[in-house]
Amino acid sequence: MRKAHLEYLRCPHCRGRLGIHQVDESVGDKIKEGTLLCTGCTEVYQIIRFIPRFVPINNYAASFGFEWNKHPRTLLDSYTGLKITEERFFNETKWERDLQNETILEIGSGAGRYTEIALQTGAFIVSIDYSNAVEANYAAHGDRENLLIVQGDIYKLPVRRDFFDKLLCIGVLQHTPDVRGAFLSLPPFLKPGGRLTIDVYCKFNKWYKDLLMTKYYIRPVTTRLSPEALYRLCEKYVNFLYPITGLFHKLTGISSRKLSLIFSMADYRGVYDLSEKVLKEWALLDTFDFLSAAYDNPLNIDEVRVLFKEAELEDVEINYGYNGIEGRGRRNAKQHSIA
Ligand SMILES: C[S@@+](CC[C@H](N)C(=O)[O-])C[C@H]1O[C@@H](n2cnc3c(N)ncnc32)[C@H](O)[C@@H]1O
């Protein structure tokens, strides 16, 4: 991290300012190894491989760390050559494309699929993830001057309150143990009038639709396996099933995606115009993703509406979208928290 980026950080325990405590190794103006010290409660936090760390190394998001370091670029537009993530970012957030002089807080950044697009807006980005996926994001984007990557927890965010113009939390809330608590933790970090975009998996509440979500039958087993063992199984499974569902599609014209879903395999054939090789990579990555995540807590649309109301957000828009339910809102201009 760069020393100049200290201004964005706060102690997650007492909200005090942080200072540089020790520099063990630096490269140019970046601290590679060292420690930060809270000027309030004197808690010490490590900087490891350029990234400030505010969470225990072993935590419930380890499968995500494994996944994103195994597939650091698979979902990135710069890898696929398409604008899949760019289109989703702007359609889902409805933000302007030029956000020079603004600040964006990204929570649950994974390998940095959305970080890559957020950077294009010219805003200053603070990207936070609970897992060591931050390493994959750093490898892809760490050299950018307008980016600070942090390993931190949505429930105890180590950044300034009442500060950010925009907040993005895509693909994350359903993977937290308490979705309501995770969502309600976010608005205080926006400046009054700042805008937030989240999404969350959709719970259908229709027995015949929920019945087809077969991943929920096998997750009690798959989430108990080590990421390495589960990944090996997923590789074998996808290699076996992928050609079969492909053949079924050729013979019947019925979408391979529908059949794949019944057999708990992700499938983007017919959805995105990706090469065969990348389509299969996406299938493997996403199959592992939904079978490995420690938590998978979808909400229905009424539950999302209640959360936005509880957070007293304004200009609220909630709709079904790319990955379930999307929500946008603006922090009440009168709201202020104690920084
Ligand atoms: C499905 S991934 C989505 C990553 C990225 N937003 C994307 O769409 O490609 C969910 C991410 O949420 C992160 N996550 C889960 N619990 C978290 C928490 N308590 N605080 C911050 N991030 C969390 C995981 O580590 C993981 O990288």
* Could you list, by residue number, the cysteines of the chain that have no other cysteine's beta carbon within less than 4.7 Å of their beta carbon? => 169, 202, 234
* What pairs from 203/309; 203/277; 3/70; 156/191; 166/334 go past 27 Å between their alpha carbons? -> 203/277; 3/70
* Neighbour cut-off at most 14 other Cβ (10 Å), DSSP loop, trypsin sites (Lys or Arg not before Pro), region 91-129 -> 94, 97
* **Cα-only radius of gyration and Dmax that characterise the chain, units Å** => 20.3, 67
* **Cα pair count fraction exceeding 13 Å, expressed as % - region 1-53** => 51 percent
* Structure fact -> Summing -39500 (n - 2.57) over every DSSP H run of at least 4 in the chain, dividing by its residue total and rounding to the nearest 500, the 222 nm mean residue ellipticity is -10500 deg cm²/dmol
* Please identify the trypsin sites (Lys or Arg not before Pro) of region 230-339 that satisfy two criteria: DSSP loop assignment and at most 13 other Cβ atoms within 10 Å. Which are they? -> 334
* Quick one: grab the alpha carbon gyration tensor of region 207-292, order the square roots of its eigenvalues as a ≥ b ≥ c, and give me rounded if a/c is under 1.5, else prolate or oblate depending on whether a/b is larger than b/c. => oblate
* Structure fact -> One finds the C-alpha centres of region 131-171 and region 278-339 to be spaced, in Å, by 17 Å
* **region 230-275 versus region 174-195: alpha-carbon centroid distance in Å** => 35 Å
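Every number here is computed from the coordinates shown, using simple stated rules; none is lab data. Just so it is clear, the model here is predicted, and its values are computed rather than measured. A quick note on method: Cβ atoms are made from the backbone with ideal geometry, for glycine too, and the neighbour counts reach across all protein chains shown.
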